[in-house]
């Protein structure tokens, strides 16, 4: 059986970049390149109410390796969906073979400490973490290195039963640089994070679910459908309150418990200044569906 190090070289190295094209998620959604024309991603508005922004990473010959042009396009797509009032939530996915098999090693092979600093290497990733709307990762296949970090940038991770997660950067002489050493411990705890980062070992979808990295695991062919269903469920609520709730949960990772509780209470109080809070409680008392207006 091939070692993790050898398998990582295959996935992240030359073989991955010359691999045969991978078929996109089939059967549930047809992807179409939307204006503006993208080269490395595909976008589509989906869901019964057409309120879910769907983004598919699309570099099949490279197993969706995360090059800078891909991330520039991904960031633009996320920002555009975030600005679109008709979109309630965003789903990011890849192919059945790979969500994203890591960073594009060829692209950063000749980077230097100085060039990384001067150029703000990986700055484009901030567009995902700064998104106000919920972002959900639908992970099939490999989510390694930058792919795992991209999944962790999202607010919720759903995985197909054959998904593989890992931070194998240690095998190529570096460390995770887009949040792997910081977000992973917050998901799975220090000991598990240390084991994953220091060995480069992969974990499967069910183990990731047990660790708390993944929310739910589904059959491969059902993953995208279930993820879109989740996004639609979120879309039944007030967009304003969803955004505030996301801010409150994220604050728990940024501060002490005491400060977090104070932040939560201030947000909670603030909801009482909104029409959506008034409508939600009135609808509950009147035993009817609420009609939220994002106010």
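The values are calculated or read from the model by the stated rules, or taken from the named source; none is laboratory data. Computed from a predicted structure; not experimentally measured. Because the Cβ atoms are built from the backbone with ideal geometry, glycine has one as well, and the counts that use them run over all protein chains shown.
Scan region 199-213 and tell me whether some residue there is touching a residue at least 12 places away in the same chain (Cβ under 8 Å), out of contact with any strand residue (DSSP E or B) (no Cβ under 8 Å at 6 or more places or on another chain), more than 27 Å from residue 50 (Cα to Cα) and part of a helix (DSSP H, G or I). Scanning region 199-213, I find at least one residue that is touching a residue at least 12 places away in the same chain (Cβ under 8 Å), out of contact with any strand residue (DSSP E or B) (no Cβ under 8 Å at 6 or more places or on another chain), more than 27 Å from residue 50 (Cα to Cα) and part of a helix (DSSP H, G or I), so the answer is yes. Scanning region 216-232 for residues that are touching a strand residue (DSSP E or B) at 6+ places or on another chain (Cβ under 9 Å) and either farther than 16 Å from residue 141 by Cα or in a helix (DSSP H, G or I) (or both) turns up 220, 221, 222, 223, 224, 225, 226, 227, 228, 230, 231, 232. Considering each residue of region 258-295, count those that are in a helix (DSSP H, G or I), more than 30 Å from residue 186 (Cβ to Cβ) and either free of Cβ contacts under 8 Å to residues at least 12 places away in the same chain or touching a strand residue (DSSP E or B) at 6+ places or on another chain (Cβ under 8 Å) (or both), and give that number. The qualifying residues number 6. Yes or no: residue 255 part of a loop (DSSP other than H, G, I, E, B) and closer than 20 Å to residue 156 by Cα? Considered against the rule, which asks whether it is part of a loop (DSSP other than H, G, I, E, B) and closer than 20 Å to residue 156 by Cα, residue 255 comes out as no. Taken over region 110-138, the criterion of being more than 17 Å from residue 52 (Cβ to Cβ) and touching a helix residue (DSSP H, G or I) at 6+ places or on another chain (Cβ under 7 Å) is satisfied by 124, 125, 127, 129.
Quick check, is residue 106 more than 21 Å from the chain's Cα centre (by Cα) and in contact (Cβ under 8 Å) with a residue 60 or more places away in the chain? Answer is yes for this residue. Any residue at all in region 188-201 that's at pLDDT 95 or above and under 17 Å from residue 99 (Cα atoms)? No, because not a single residue in region 188-201 is at pLDDT 95 or above and under 17 Å from residue 99 (Cα atoms). Being closer than 24 Å to residue 159 by Cβ, within 20 Å of the chain's Cα centre (by Cα), assigned by TED's automatic domain parsing to the domain that holds residue 141 and at pLDDT 90 or above: is that true of residue 25 here? In short, no. Only one entry of 188, 249, 242, 217 meets the criterion of being buried (at least 17 other Cβ atoms within 10 Å of the Cβ) and over 24 Å from residue 161 (Cβ atoms), and that entry is 242. Counting only helices (runs of 4 or more DSSP H) that fall entirely inside region 38-146 and contain at least 3 residues that are buried (at least 20 other Cβ atoms within 10 Å of the Cβ), the qualifying elements are 68-83.
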